[in-house]
Every structure is written in C-alpha cells, then in structure tokens.
Amino acid sequence: MSNLNHLETKDINVWFGERHVLRDVSLQFQNNHVTALIGPSGCGKSTFIRTLNRMHELIPGAGLSGQVLLNGQDIYAEAVDPVNVRIEIGMVFQKPNPFPTMTIKENMTIVIVTHNMQQAQRVADSTAFFLSENGNPGEVVEFDTTENVFIRPKDERTNEYVNGRFG
Ligand SMILES: Nc1ncnc2c1ncn2[C@@H]1O[C@H](COP(=O)(O)OP(=O)(O)OP(=O)(O)O)[C@@H](O)[C@H]1O
Ligand SMILES: [Mg+2]
C-alpha cells in the first residue's frame, strides 16, 4: 500500500493574493522515511505541507505553481480529483488522530512540521530547513539527513537556527 508511495515536489511557488510566500521548493520524500520541516514562524512550513494534498487551494486567494508528484503523477494535473488526493495523502494535525487500524508509521511516507528540535532529531530521517528572510518568500536553505542538518550543517543560517540563535 502506501509504503510504495514516492512523493516529490518540483519548484513549488505559493502566493496569497499578491504576496509571494514560498519560492522554488523542490524536495524528495523517501519511501518510508520521516522528513521534518523546520524553520522560524512564518517561513511557510504549514503552507508548504498543505500543497502536498491540495488543501492549499481551499484557501481564498491562494495561488500555486510547480508540481507535486505522487509516484510520478502530478496531483495538480487536470484529470485528478482533489478529494482522491486527500484520501491518498492524509494530514494529521497537531493532536494526532490517525486511522484507528493503522499506526502513523504504517501510514504516510511521513512529513512533519515541528518547532521542537529534539522531536525532529528523534523521529526524522531527513530534515528540510525553511527560511524567509527580509520579507522574501520562504525557501529551503538546507535539505539533508537529520544528522547532517543538526550536526554538520552546510549553511551558516542552518547552524544558527538549529543551535537556537534565532527563531
Ligand atoms: N490564509 C492566508 N492568507 C494570507 N497569508 C497567509 C495565509 N496563511 C499563511 N499566510 C502567510 O504565509 C506565510 C507563511 O505562513 P505559514 O503559516 O505557512 O508559516 P509557518 O512556517 O507554518 O509558521 P508557524 O511556524 O508560525 O506555524 C506567512 O507570511 C503568513 O503570514
Ligand atoms: Mg505553521
């Protein structure tokens, strides 16, 4: 079942009205891996995760470009019914209430949003660090194994964030 799912985004850009809030987010979510999305408030983590199952388009004024590929198929393709997408790609909000017969692990290649750096390190195989600087759209600064992001970050901004120097 969903163990075979491969999820990938290509150049996701998001607008709310005129306001550009996410720029060129391209991420690959590995099968059966947990990916954490981290970054300061307002960098676009929740907005991005809503694009993964077409909940974003339910927000008035929401715009989007780019692709979300589930097993190679763009969930935004004309022929695709968003209701089916939302059945296939579930969302679990902060108080988890998954389908009773399955653990969360058994469900969704998993993408989580967290402000808890300990939680990210405990549960996530990969981590994407999002940042919106000086009112610019949020972007992915670094995407790597969780260990590399927290222990050997390549970007100084990642280093400062994971060590609690801002955000
Ligand atoms: N419905 C909306 N209408 C207009 N702007 C929005 C809407 N939702 C979010 N935004 C804006 O988009 C940007 C990204 O917001 P988002 O909620 O995705 O950030 P976040 O990283 O999830 O923040 P937090 O850590 O506080 O949850 C912010 O500038 C926010 O003000
Ligand atoms: Mg959020």
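The values are calculated or read from the model by the stated rules, or taken from the named source; none is laboratory data. Please read these numbers as outputs of a predicted model, since none were measured by experiment. Cβ sites come from the backbone with ideal geometry, for glycine too, and all protein chains shown count toward neighbours.
A count restricted to segment 30-51 and to residues that are modelled with pLDDT under 95 and hydrophobic (A, V, I, L, M, F, W, C) stands at 1.
Would you kindly identify the helices (runs of 4 or more DSSP H) lying entirely within segment 114-167 that contain at least 1 residues that are of a type in the set (Asp, Glu)?
Hits in segment 114-167: 146-151, 156-162.
The residue that is nearest to Leu22 (Cα to Cα), among those in segment 48-78 that are within 16 Å of ligand 2 (Cβ to nearest atom) and either among the basic types (Lys, Arg) or in contact (Cβ under 8 Å) with a residue 60 or more places away in the chain (or both), is Phe48. Note on segment 41-61: residues that are more than 7 Å from ligand 1 (Cβ to nearest atom) and more than 10 Å from the chain's Cα centre (by Cα) amount to 7.
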